[in-house]
Amino acid sequence: MPQETLVQRIREEIERTGPLTFARFMDLALYDAEYGYYATAVRVGRSGDYLTAPEAHPIFGWVIARQLWELWDLLDRPALFTLIEYGPGTGTLALSLFEYLARTAPDFLERLRYRPVEVSRVAFNALVDRLVDSDYASLLALDERDAVTGVVLANEVVDALPVHRVCWREDQLWELFVDWNGERFVEVIGPPSTAALAHWLERLGVHLREGQTAELCLAMVDWLADMARVLARGYVLVLDYGYPAPERYDPVRFPQGTVRTYFRHRVGDDPLHAPGEQDITAHVDFTMLGLAAQEQGFTVLGLTTQAEFLAQAGLGELLVQLQAEPGMTAERYLAARAAALHLLDPAGMGRFRVMLLGKRVPKDALPTGFRPRLMTGVPLAVQGPGQQQRSNGQGTHGSS
C-alpha cells in the first residue's frame, strides 16, 4: 500500500536523523515524489477531499480573467504576456479564464502565454491533456524558462507550503518535532531547529503566550525567491485563506495554531495521522508574505478580502450579464448566483485574503479589484514592528 510505504520512508528517516521538523514531515506527507498526497491522485473537487473557488463555478475564473486583462493594460499591453500559475491542478481555473477572454478580449488572448507550475504529475498530465484537447493548446509555454513579463497567479497554494510548528513553554521558545513511538507518529518538543523561527516572530511582533502553539512558513521565503527569478516585470496575485499578524497568531482564536487536515470534505486536526492520505494546510501569514516579498524586490500593492476583491472586480456585473444571455435557464442562473454568494460569504470563502505584489510596475494605478474604500488600511498589513506607518487605517479550505 502507498500509505504504508510512505510511513516506512518517514520512519527510516527518523531512525537515521532523529525526530523531524514538522515542516519536513509535511513536505514528505504532501510532496514525496512517489507516495505524497499530491503525487498519487487528483484530490480537489466534489469527488475529492476539498473544494476551491474555481470548482464552485466558472464565474470565479471570469473575474480573474478581467483582472489579468486590466494588468496587461496597466503594463502598456506588451506583445507577449505570460501567465504563470502555481498549483493549477487539472486546469479548471485556467480553462474558465481562457474561455472568458476568448469571448471578450481575443486581442489579449492572442498575446497570452500560459506556464503551469504543478508538483503533482497526475494533475499536470491531466491539465496538459485538457488544454491540448481544447482551443487553447497554442497558449501552453511548457518549455519557457526565461524570466517573463506577466502575472504569477497562486490560488490556494501558499497554505500548503510546509510550516514549522513552535510553542512557548516556561518562558522559552520551543519547536515541535515528529517522532515515532513504535506505533504511530507523535509530537515531541525540542530546541528550535533554526534561528530563523525566533527571528521571524520578533520581526512580526508576535509574542506567544504560555502554552500557545503557532506555525511559521519559512518555505514561503524560497517560494518568493523562485517567483522573483521567473518574473522580470509584472504582478503576483495570491488568493488564500489566512490573516495578517497579529490576528494570525491570536491566542484566543488559535491557541493550538492553524494546522488543519482535509479528507473527504471533512476538516481534521491530527496532521500526523495517515501521511499521504489527507491534505495538510495552515493559514497564511499575510504580513510575513508581504515582508518576505519586499526582500525579493516586490512592492506590496494591495491586500483585501476575497469578497471585497470579487465585488470590486465585477462579480455582480457578470451575474447581470449572465442573466441576460440568450438561452439562459433559471436553473443555470441560480447555480451561478448560489456560487457567487458562496464566494462572497464573509463566514466562508469571502473572508479569504487577496494580495497583489508588483515588480517594476506603475505604482499609481491598481486594477479594479484593489480600489475599494478598505484599501486605505493596506500598508499596516505588511509592516513589521518599528516600521513607519503609512496609514491609520468550508468542506472548503479555510475552516477555522
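In this structure the amide hydrogen of Leu218, modeled in the peptide plane, comes within under 5 Å of the amide hydrogens of His164, none closer than 5 places in sequence on its chain. Summing +1 for each Lys or Arg and -1 for each Asp or Glu among the other residues whose beta-carbon sits under 12 angstrom from that of Lys359 gives +4.
The Cα-based radius of gyration of segment 317-377, divided by its Kirkwood radius, gives an Rg/Rh of 1.11. Peptide packing for 28-35, 182-189 was compared via the average number of neighbouring C-beta atoms within 10 Å per residue; ordered from the highest value, the list is 28-35, 182-189.
How large is ³J(HN,Hα), in whole Hz, for each residue of segment 109-115 in order, when computed from phi with the Karplus curve 6.51 cos²θ - 1.76 cosθ + 1.60 and θ = phi - 60°, using x for Gly and Pro? Using θ = phi - 60°, the values come out as 4, 4, 9, 8, 10, 10, 10 Hz. Across segment 156-219, C-alpha contacts under 8 Å between residues 6 or more apart give a mean separation that, scaled by the residue count, equals a relative contact order of 44 percent. Segment 270-284 to segment 131-210: how many Å between their Cα centroids? If you average the Cα positions of each part, the centres end up 12 Å apart. P(r) tail, the chain: Cα-Cα pairs separated by more than 41 Å, 13% of all pairs. Computed over segment 207-352, the percent of Cα pairs more than 20 Å apart is 63. Once you list every other residue whose beta carbon is under 15 Å from the beta carbon of Gly190, what net charge do they have if Lys and Arg are +1 and Asp and Glu are -1? My count for the surroundings of Gly190 gives -1. Going by neighbour counts of Cβ atoms within 10 Å, the residues Asp269, Asp76 line up, fewest first, as Asp76, Asp269.
Between the C-alpha center of segment 226-259 and that of segment 92-117 there is a gap of 27 Å. Relative contact order of segment 300-352: 54 percent, from C-alpha pairs under 8 Å at least 6 residues apart in sequence. Note on Leu318, Leu334: ascending count of other Cβ atoms within 10 Å places them as Leu334, Leu318, the fewest first. Here the chain carries DSSP beta bridges of which approximately 60% are antiparallel, counting only pairs with both residues inside. Rounded to the nearest Hz, the phi-derived 3J(HN,Hα) couplings of segment 118-125 under the Karplus curve 6.51 cos²θ - 1.76 cosθ + 1.60 (θ = phi - 60°) are 10, 6, 7, 5, 4, 5, 4, 5, where x marks glycine and proline.
Quick note: the coordinates plus some simple rules give every number you see, no bench work behind them. All values reported here derive from a predicted model rather than from experimental measurement. Please note: Cβ atoms are built from the backbone with ideal geometry, for glycine as well, and neighbour counts cover all protein chains shown.
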